[in-house]
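Quick notes on the structure that follows.
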Amino acid sequence: MTTRFDDGPEFPPDDPLAVILRPPADHLGPPPGRYEAIRRAATRRRLLRAAVAGVGLSCAVAALIALPLHLTSPESPATPSVPLAPPATSGPTAPATPTPSPDRRTLAPTDPRPTAEPGTPTPSTGGRTGRRPPEDASTPTKRATRPQEPSATPARPPATEPTTRQTATLPTPQRATQR
Amino acid sequence: MKRSRDRAASELFAALYPRLAGWCRRLVDDDETAHEIASEAFTRLWARWTSVEEPRGFVYVTAANLVRDHWRKLERERKAVHRATAEAAVRPHTEQADPSVRLLVQSLPERLRVPILLHYYADMPIREVSELTGRREGTVKADLHAARELLRAQLRRSLDHTL
């Protein structure tokens, strides 16, 4: 594309563009008080821009201060939230975990079970074992009734004898009675 | 310091405002709109008075952008009214003062519009247009030539259309 630069006369005499692009210069005088109004508006706008810039700068400074603090903090607050969750879901049915809480010590005298608890950390498991001991105690007694029979012959080796005697003694009388 | 700045602003306003407002008046419909655009251009100039190196060019480019926005707003309103009412009722509104200049300049692309506005309507020499737009003088001359060719073709087409 070849371009013709504007070194010579721009328009031929009969060019309609001369009418459009070379209009007579018009002047429109300002209304009274226009200069003062423009100056006031410019001052307001300058102050507004300065205020916006100040707010933006303060926000940036606050972000620069808060960001390192936020990056260093998240490790520590994550830990306390974790142990608080399980007791809320498990509820009162699991008495084992929160043994060191003082409320249960206050509740302890009311319940008959906690009387066995005062033993420091173990009572939580001891509570369960506290229930079981009677069962365990009962079962050994049942078992004890049977081994008590062989206990009459204590001097013999204990490992094989009760089993063999239990199996041997119990069926035989039943079979003997049934038969 | 402040007094000298105020005096310079006052002298610039006295020398430039009537010409700028008259220039705007040729591109818009009424005196009030021309005053609004010229006042807004001066307000933007003085709101950043210390950072503007070429006040005259800044004012004219700002006014050209405001005139372009004004045209776009008028076009949107005209289309909205055209959709809402009959075309016959709208047609007188579009036929206003100096429509040929406005439509011809409006039909130019953005790159060619500013040199045309500054050189032919603001009477700025090519060297100042070059400094203001950041283009070389040869580029400005080429842009002016391309703009004139476009305007000439547009004018010929509109004349053929009317005949």
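Bear in mind that the values in this text are calculations on the coordinates, not laboratory data. Nothing here was measured: the structure is a model prediction, and the numbers come from that model. Cβ sites come from the backbone with ideal geometry, for glycine too, and all protein chains shown count toward neighbours.
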Exercise. Alpha carbon centre of the stretch B:1-69 versus the stretch B:110-163: separation in Å?
Worked result: 22 Å
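If R0 is 35 Å, what FRET efficiency do you get for B:HIS145 and B:GLU40 from their C-beta distance, rounded to 0.05?
On the way: r = 32 Å, r/R0 = 0.90.
The computed FRET efficiency comes out at 0.65.
Taking the Cβ of each residue in B:SER130, A:SER58 as the centre, tally the other Cβ atoms inside 10 Å and list the residues starting with the fewest. Can you show the working numbers first?
Numbers: B:SER130 18, A:SER58 10.
Fewest-to-most ranking of B:SER130, A:SER58: A:SER58, B:SER130.
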Problem set entry | Translational diffusion coefficient (Stokes-Einstein; Kirkwood radius from C-alpha pairs) of the stretch A:31-71 at 20 °C, 1.002 mPa s, in µm²/s | 171 µm²/s
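Mind checking B:114-121 for the average number of partner chain beta-carbons within 10 Å of each residue's beta-carbon? Don't skip to the answer; put the middle values down first.
Values: counts 0, 0, 1, 0, 0, 3, 6, 4.
Average neighbour count from other chains, rounded to a whole number: 2.
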Seminar exercise, completed: Note, the stretch A:32-47: 3J(HN,Hα) by Karplus (6.51, -1.76, 1.60, θ = phi - 60°), whole Hz, Gly/Pro = x, goes x, x, 5, 5, 5, 5, 5, 5, 5, 5, 5, 5, 4, 5, 5, 5
Seminar exercise, completed: In cubic angstrom per residue, the convex hull of the stretch B:1-95 built on its Cα atoms measures 92 Å³
Problem set entry | Sites A:ARG46 and B:HIS82, calculated FRET efficiency, Cβ-Cβ separation with R0 35 Å, nearest 0.05 | 0.30
